[in-house]
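For reference, the structure is listed below as structure tokens.
The values are calculated or read from the model by the stated rules, or taken from the named source; none is laboratory data. Just so it is clear, the model here is predicted, and its values are computed rather than measured. Counting neighbours? That spans all protein chains shown, and the Cβs are built from the backbone with ideal geometry, glycine included.
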């Protein structure tokens, strides 16, 4: 059988196969290839066993094998990387963000990569080959994976820390730039811990931070460090997701950050930023509490820093670092009234530089996702990392724009303007 290449895109909802690239035995033009030229069948298989994954409905218990025919969005001639061309010996099949194209099988506390296996069958004839131009090409079948492509991961690599007691693994991005540049330490949510390191920067769209838009707002170039916890950041040694706001990973995480910085003299130590969503939002606040004066800014997204842990001691430390909180009133997983909102008011009362964007409900702001009536799709209230990665976080809790030196800024523009020496006025 024939080989196809698979293109994965890191979307607002994680990694999806969004394009298949097929080498053709003939040259075909844009009039020869359309969305009905090929039929695509897909199976989401377990990577270890090759068996088809089964989805279980949480309410009814109904089990459904993850296989079927994902819709084709478009098809056209392309080059070997999938870029549209008027004529070519390659064809691209664009796929949408449907369940069968999702690279991840999501569960409660852990996400798992799947092998998205495709069988592409030719349904309409193509022009003849160079050797036999009069005979249309028919009967093509592609069922073997060739090359894996993911342009969003360009520049990303993986490593492991040298700490002997708890060597954390990590993904990292280093820009191709001269001179000093900042470091963003980004901490994953609960579903991206464990042993599959691919999850930390693809389980949600962490790669947006390495894209041109946010990089430009961080001064033109920034390194990114994305550590992985073996369990979850909120693991206090007794409970995985308790309310103690303690973590067994505080010291190992700081050791990894120090090691990463020490080996890269181009990192500007006055511009070390830290942030993350959900479980990572908790760990962001925890690191600000334990290491005041080290980070230039914090971004805590849907952070479960519970109200009973907002002590005077914690506030005295956290207030030394400018912080921007992001949450939604519609978040039922981490209710804002029990976490970020009292933290915001306590920090504000303590004189901290703190901003909070509080969405009423979470709807798509990009124009990419719409419901059946054509309206912007409403998301799960916990997913406030989506507008964070799209840099659609701009307002303070009262609805006014956040300003720096009289100029309105987005969240990532605000981050890029923070410097460590600014915080000395709040020394303990």
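Looking at the structure I just gave you, is residue 310 touching a helix residue (DSSP H, G or I) at 6+ places or on another chain (Cβ under 9 Å) and closer than 22 Å to residue 200 by Cβ?
no
Checking residue 305 against (1) under 20 Å from the mean Cα position of the chain (by Cα); (2) buried (at least 17 other Cβ atoms within 10 Å of the Cβ); (3) part of a loop (DSSP other than H, G, I, E, B), which test does it fail?
That leaves (1) as the condition not met.
Residues that are touching a residue at least 60 places away in the same chain (Cβ under 8 Å) and touching a strand residue (DSSP E or B) at 6+ places or on another chain (Cβ under 6 Å), at least 3 per element: which strands (runs of 3 or more DSSP E) completely within the stretch 106-183 meet that?
Because the criterion is at least 3 residues that are touching a residue at least 60 places away in the same chain (Cβ under 8 Å) and touching a strand residue (DSSP E or B) at 6+ places or on another chain (Cβ under 6 Å), the strands (runs of 3 or more DSSP E) in the stretch 106-183 that meet it are 111-122, 141-149.
Only one of 352, 372, 346 is in contact with a helix residue (DSSP H, G or I) (Cβ under 8 Å, 6 or more places away or on another chain), in a loop (DSSP other than H, G, I, E, B) and in the same structural domain as residue 279 (by TED's automatic domain parsing); which?
352
Can you confirm whether the stretch 368-387 contains a residue that is at pLDDT 95 or above and over 23 Å from residue 14 (Cα atoms)?
Within the stretch 368-387 (the criterion being at pLDDT 95 or above and over 23 Å from residue 14 (Cα atoms)), the answer is no, since none of the residues qualifies.
Output the residues belonging to the stretch 190-216 that are within 29 Å of residue 419 (Cα to Cα) and modelled with pLDDT under 95.
204
For the stretch 153-171, state whether one or more residues are closer than 30 Å to residue 89 by Cβ, within 20 Å of the chain's Cα centre (by Cα) and surrounded by 14 or more Cβ atoms within 10 Å (Cβ to Cβ).
yes
Of all residues in the stretch 180-217 being touching a helix residue (DSSP H, G or I) at 6+ places or on another chain (Cβ under 7 Å) and closer than 21 Å to residue 262 by Cβ, which is surrounded by the fewest Cβ atoms within 10 Å (Cβ to Cβ)?
186
Go through 37, 60, 11 for me and flag whichever is closer than 29 Å to residue 387 by Cα and either at pLDDT 95 or above or not assigned by TED's automatic domain parsing to the domain that holds residue 384 (or both).
Going through 37, 60, 11 in turn, just one is closer than 29 Å to residue 387 by Cα and either at pLDDT 95 or above or not assigned by TED's automatic domain parsing to the domain that holds residue 384 (or both): 11.
Checking residue 292 against (1) over 17 Å from residue 187 (Cα atoms); (2) buried (at least 19 other Cβ atoms within 10 Å of the Cβ); (3) in contact with a helix residue (DSSP H, G or I) (Cβ under 6 Å, 6 or more places away or on another chain), which test does it fail?
Answer for residue 292: the failing condition is (2).
Mind counting the residues in the stretch 102-123 that are at pLDDT 95 or above and either exposed (fewer than 13 other Cβ atoms within 10 Å of the Cβ) or not assigned by TED's automatic domain parsing to the domain that holds residue 91 (or both)?
Count: 1.
May I ask you to verify whether residue 98 is surrounded by fewer than 16 Cβ atoms within 10 Å (Cβ to Cβ) and under 23 Å from the mean Cα position of the chain (by Cα)?
The answer is yes for residue 98.
Picking from 240, 261, 224, 272, which residue would you name as being within 16 Å of the chain's Cα centre (by Cα) and in contact (Cβ under 8 Å) with a residue 24 or more places away in the chain?
224
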